[in-house]
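Remarks on the structure that follows.
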There are 2 protein chains.
Amino acid sequence: MRSPQHPATDDIQLTEVLRALSDPVRLEILGRLAREGHLYCFELGAEMDLHKSTLSHHYRILREAGVTHTSQEGRRKRLTLRRDDLDARFPGLLDSILAAV
Amino acid sequence: MRSPQHPATDDIQLTEVLRALSDPVRLEILGRLAREGHLYCFELGAEMDLHKSTLSHHYRILREAGVTHTSQEGRRKRLTLRRDDLDARFPGLLDSILAAV
């Protein structure tokens, strides 16, 4: 299985991060990741009443913007927040957004 | 002339602010407003090589999201940043974005 693409820390763009987080579902995912440390890709689907393809779309936007990291763990995909990378690129941004979620 | 619509402070939504700022032109306008305090609507057009209608579109998005305030000053429109309102709603958010611009 191909590893999903992730931007290098230095390539994370502010406009892409802001766009990725300008959506209620993706902000909800961000909050969950911040609170729980990680998430398995489809465990949120039933809870949030979202179709698998819709959820995949949101995960892809977060990953491609550099907000999340996705790794394969057996048959499941595991999501984490790229907190250190985001804090290094944009100090204070994530904390201020998380405080408002 | 009709006054342009501005959301009340409590109605400013995080998703709308993030979406408004997820664009390089609008981030540039934000930076200018933060540095200079105010801006007249079309003075940026020539400088940024943008058509009047494109600039109007960006100003509208910023205003409707609650990021900027537009007032009429004679025949010109004057833009300011709603810094106090944004700081009250989302402490630290604006500073972290401005630091990264």
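The values are calculated or read from the model by the stated rules, or taken from the named source; none is laboratory data. Remember, predicted model here, so these are calculated numbers, not experimental data. So basically every Cβ, Gly included, is an ideal-geometry build from the backbone, and we count neighbours across all protein chains shown. Note: accessible area is taken over every heavy atom of the protein model, side chains too, but ligands, DNA and RNA are not part of it. Shrake-Rupley method; radii C 1.70, N 1.55, O 1.52, S 1.80 Å.
Of all residue pairs spaced 6 or more apart or on separate chains, those with beta-carbon atoms under 6 Å, a first member in the range A:84-101 that is within 8 Å of B:S96 (Cβ to Cβ) and a second member that is outside any helix (DSSP H, G or I) and not hydrophobic (A, V, I, L, M, F, W, C) are A:G92/B:G92; A:S96/B:G92.
Within the range B:58-84, track down each residue that is assigned to a strand (DSSP E or B) and among the hydrophobic types (A, V, I, L, M, F, W, C).
At the first step, the residues of the range B:58-84 found to be assigned to a strand (DSSP E or B) are B:68-73, B:76-81.
Result: B:L79, B:L81.
Here is the figure for the range A:62-84: residues that are within 14 Å of another protein chain (Cβ to nearest Cβ) and either touching a strand residue (DSSP E or B) at 6+ places or on another chain (Cβ under 6 Å) or crowded, with 19+ Cβ neighbours inside 10 Å (or both) total 4. The single condition among (1) within 14 Å of another protein chain (Cβ to nearest Cβ); (2) open to solvent by less than 50 Å² (accessible area, probe 1.4 Å); (3) outside any loop (DSSP other than H, G, I, E, B) that A:S22 does not satisfy is (3).
For the range B:85-101, what are the residues that are open to solvent by 70 Å² or more (accessible area, probe 1.4 Å) and either within 15 Å of B:V17 (Cβ to Cβ) or not in a helix (DSSP H, G or I) (or both)? Give the derivation first.
Applying the first criterion (open to solvent by 70 Å² or more (accessible area, probe 1.4 Å)) to the range B:85-101 yields B:88-89, B:91, B:95, B:99, B:101.
Result: B:A88, B:R89, B:P91, B:D95, B:V101.
Does B:L55 meet the test of being of a type outside the set (V, I, T), in a helix (DSSP H, G or I) and at pLDDT 95 or above?
Numbers: of a type outside the set (V, I, T): yes; in a helix (DSSP H, G or I): yes; at pLDDT 95 or above: no.
The answer is no for B:L55.
Of the residues examined, B:T15 is one that is among the polar types (S, T, N, Q) and within 11 Å of chain A (Cβ to nearest Cβ).
Could you check the range A:75-101 and list, in sequence order, the residues that are of a type in the set (A, V, I, L, M, F, W, C) and under 15 Å from the mean Cα position of the chain (by Cα)? If you could, list the steps in order and put the result at the bottom.
Of all residues in the range A:75-101, those of a type in the set (A, V, I, L, M, F, W, C) come to A:79, A:81, A:86, A:88, A:90, A:93-94, A:97-101.
Answer for the range A:75-101, where residues must be of a type in the set (A, V, I, L, M, F, W, C) and under 15 Å from the mean Cα position of the chain (by Cα): A:L79, A:L81, A:L86, A:L93, A:L94, A:I97, A:L98, A:V101.
Reported count of residues in the range A:85-101, each being among the aliphatic types (A, V, I, L, M) and more than 10 Å from chain B (Cβ to nearest Cβ), is 3.
Scanning the range A:26-47 for residues that are hydrophobic (A, V, I, L, M, F, W, C), surrounded by 15 or more Cβ atoms within 10 Å (Cβ to Cβ) and in a helix (DSSP H, G or I) returns A:L27, A:I29, A:L30, A:L33, A:A34, A:L44.
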